[in-house]
1. From A:Leu81, A:Leu94, grab the single residue that is touching a residue at least 24 places away in the same chain (Cβ under 8 Å) and more than 14 Å from chain B (Cβ to nearest Cβ).
2. Tell me the strands (runs of 3 or more DSSP E) entirely within segment B:47-134 that contain at least 3 residues that are over 17 Å from the mean Cα position of the chain (by Cα).
3. Answer yes if at least one residue in segment B:178-190 is in a strand (DSSP E or B), facing chain A (nearest Cβ under 7 Å) and farther than 30 Å from B:Pro432 by Cα, and no otherwise.
4. Return yes or no: is B:Leu259 within 14 Å of another protein chain (Cβ to nearest Cβ), closer than 27 Å to B:Thr197 by Cβ and not charged (D, E, K, R)?
5. Would you confirm whether any residue within segment B:285-294 is in a helix (DSSP H, G or I) and not basic (Lys, Arg)?
6. Please list, ordered by residue number, the helices (runs of 4 or more DSSP H) wholly in segment B:324-416 having 1 or more residues that are within 14 Å of chain A (Cβ to nearest Cβ) and crowded, with 18+ Cβ neighbours inside 10 Å.
7. For segment B:270-277, state whether one or more residues are touching a Cys at 6+ places or on another chain (Cβ under 8 Å), open to solvent by less than 20 Å² (accessible area, probe 1.4 Å) and under 25 Å from B:Gln502 (Cβ atoms).
8. For segment A:284-307, give me each residue that is more than 14 Å from chain B (Cβ to nearest Cβ), open to solvent by less than 30 Å² (accessible area, probe 1.4 Å) and aliphatic (A, V, I, L, M).
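The values are calculated or read from the model by the stated rules, or taken from the named source; none is laboratory data. These numbers were taken from a predicted model, which means no experiment stands behind them. Reconstructed Cβ throughout: ideal geometry from the backbone, glycine too, with neighbour counts over all protein chains shown. Areas reflect the complete protein model, heavy atoms only, side chains present, ligands, DNA and RNA absent. Shrake-Rupley method; radii C 1.70, N 1.55, O 1.52, S 1.80 Å.
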Amino acid sequence: MRRLRHAVRRLLLAVPVLIGVIILNFGLLHLAPGDAASVMAGEGGAATPEYTDMLRHKFGLDQSLPIQFWHYITTTLQFDLGYSFRNDESVLSLILERLGPTLLLMGTAFLLAAGIGTLLGLLAGARRNSVGDGVISALALLASATPTFWLGLMLIIVFSIHLGWLPTSGYETIGAFNEGAAYVFDVGRHLLLPAVSLACFYVALYVRVMRAAVIEQTRQDYVITARAKGQTERGILFGHVFRNAALPIVTMAGVQAGNLIGGSVIVEAVFGWPGIGTLAFSALQGRDLNLLLGIFLVSAVVVMIVNLLVDLVYSVLDPRIES
Amino acid sequence: MLSRRSLLGSTAALTLTLTPQAKAQTAQRGGTMVLIVEPEPANLAAYMSVAGNIPPITTQIYEGLVGYNWDLKPIPHLAKSWDIAPDGRTITFHLQDNVSFHNGAKFTSADVEYSIMHVLKKLHPRAPIVFKQLTAIETPDPLTAIFHLDNPAPYMMMALSGYDAPMLCKALFENTDPASNPTANKPVGTGPFKFGTWDRGQYVRLDRNPSYWQPGLPYLDRLIARFIPDASTRSAALETGEVHYAAYSAVNYADVARLRANPILDTTSKGYELFAGLSELELNSHRPPFDKKAVRQAIAYAVDRQFIVDNIQYGFGKPATGPICSSFAASGIYTADVRRFDVPDRIAIANKLLDDAGLPRGENGMRFATTIEVNPFGQQWQRQAEYLKQAFAAVGIDLSLRNEDVGAWLRRVYTDYDYAISEPFVSNASDPVIGVQRQYTTDQIRKGVVFVNNSFYSNPEIDALFAAGAVELDPPKRAEIYQKIQKILVEDSPLIWLTEIQYVTIFNKKLHDATTGPLGTYSAFDRAWIEH
């Protein structure tokens, strides 16, 4: 009950935060020079002022900023994210189209990174200064220092061009019209390289955080107590240390929720993955403010939800936190 | 550059226009062609945007009244013939019979009238130039469309392809706001391929039109336009054979040599003749010292154009001599007989011009400092600006580089005029009236309009010559007018013309007859076929 009340209070607090996000986004984006009409006219190569004015009128850019803002606020509060004139489609449907592939890629990368990273970090921390720790730490350092785009291109060169095992890019084999298990297998083949490239960087982060947390925890009194009770080292590590050391991992996972929706523009670009990151990038380039505001708002909402969940997980892992 | 086989193939395809069956001995039916389109278009509304990434897809779906042959002359397409009145003010088009749109509606002169008068004339960015003189289209019967013009407009015939003037289905546009028509994302035309699906962020799929009006065509079952944001990945996709075709230099120039060595790939530079890309430096003459002709000429002398071609464009291009590309030599419009800046003692001349202009070198050896607005459309412009910094330093001009994104760059250079030097590239298009005039006449000084006269050049003689060229029907007389324009403009150097850009198309050797005319990837792949 108390936990529920806590959650409801957090949800209510989220409303003013969201309104703040909306105002801030709108203000920041209108500071950028250039507008959608001039970019679209520029792409045309040769456009008349009448054409540019026509675009501005159609996009509502010929109205004063306060009126544009009022219009934006009122439609947003009615859960209408608006219309992308550049794409001639509603913002919501553009975002929803990309949400699936984004969540698939980020989810896979996240699970890979968190799983492998936590495990390796736990092993490294438990056997501090051993050869194994050295190897794991060195690999983690290397992985975190490797530029993602470079790793992605190297994976393409090795696995696509030389070995010919996996496709270079894309989400599925277009025109193959796969269905059922064949479709899942096909998407999986396309997913593997981008997920590994993206996970590689995060693995390193999780290893480092987990290792530090484990080392800190093994110095605590409760570990000595457990050892004095005669519990095995393995039992201490997985039964006591792991649960306490997992807290910073959960914190980091919460922080990274923003990436989960924003995606990785670089990995999406290298592998031609149809995610939200590249959508946001092209929207920015085209000054498609309605679409950008929509993406920012959806990202903000997801970050808030994940942070709420993280808070709840905290209180499960460590009941003291609730108060 | 161009393989002998593809040249032969293209020629064959042209000569056999009326009998495509004869080609079918070698051409194989079926298969899927995958092409790169970069970047992903925002929409497919070819009737109201000429963004370069739209026509590779829409010209498969929409067709125009005419096509163009390698001599850059109009050839029949949806119009099987036409008569131009001696005064040039009436053009009668006779349309192909039995052409239908993908929705089943028959294509008639009413569609021609509606497309041009009610959609293109209102929405197309180039319409105010191309269709300026067009006052009405008369439709005496379903297969005849008579164009009435106020004044002769010889360039109009050069802008009626499926790329410039797509023919739309009247029934889908009537009683709607053409600027927000559903066909913007689901085009319906008469072309060899029908719109299938658009999975945003990934691809557009087009399917064969089984009831295409040219019997036996197209050969391919399917076209897939893929969007891969990263240039290196695009190269990789060509190398693995996942992608068959990439036009408009969609890969890094640095990768081209490697791709060309790949046994499964071939390249061509044909198919860009009606684009005629020209890279330039725009100089703001409202900013001293660029108001002085001598200073502008000095800059023109200071640049080694061949160096840019060899080292920055990896050989894909040639030095420009003036405001009109050498591809217009075919119509006699182009001339190289102008003041030449590629002389051996060009640096000495530049230094003397600057000395005489009252700009002596200061203590640091520099005469004055200025800034170039780096073109944001790709890496090569950054490289070019870096080279220019060195070239300018040699004559005592201290050049700084400023990088901004597309929106900010356009606004600074064409709306706020807050610039000294900019480095755009423009298209001469299919006629000087469409692609050249806009940068030099007084009436083209238009705040907020991009790629027009932002150097504030104003010369009554040039204005009069361009006006005369636009209505002159006799080709030799017309050529003479434009040759005179080139001489005057190069002498005045309101802009610095750097290079003619040569694009490269990379394609899989299994793909045949993909480049069959001067519009290249801006025309249909109706005769393209894949070995399988």
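1. Details: A:Leu94 fails: more than 14 Å from chain B (Cβ to nearest Cβ).
Exactly one of A:Leu81, A:Leu94 is touching a residue at least 24 places away in the same chain (Cβ under 8 Å) and more than 14 Å from chain B (Cβ to nearest Cβ), namely A:Leu81.
2. B:79-84, B:90-95
3. So the first thing to find is which residues in segment B:178-190 are in a strand (DSSP E or B), and the list is none.
No; the residues of segment B:178-190 include none that is in a strand (DSSP E or B), facing chain A (nearest Cβ under 7 Å) and farther than 30 Å from B:Pro432 by Cα.
4. Details: within 14 Å of another protein chain (Cβ to nearest Cβ): yes; closer than 27 Å to B:Thr197 by Cβ: no; not charged (D, E, K, R): yes.
For B:Leu259, the condition - within 14 Å of another protein chain (Cβ to nearest Cβ), closer than 27 Å to B:Thr197 by Cβ and not charged (D, E, K, R) - is not met.
5. We begin by selecting, within segment B:285-294, every residue in a helix (DSSP H, G or I); these are B:293-294.
Retained after the next criterion (residues that are not basic (Lys, Arg)): B:294.
Scanning segment B:285-294, I find at least one residue that is in a helix (DSSP H, G or I) and not basic (Lys, Arg), so the answer is yes.
6. On the way: elements: B:346-356, B:379-394, B:406-410.
Counting at least 1 such residues, we get B:406-410.
7. The answer is yes; a qualifying residue exists.
8. If the condition is that a residue be more than 14 Å from chain B (Cβ to nearest Cβ), open to solvent by less than 30 Å² (accessible area, probe 1.4 Å) and aliphatic (A, V, I, L, M), then A:Leu293, A:Leu297, A:Ala300 are the ones that fit.
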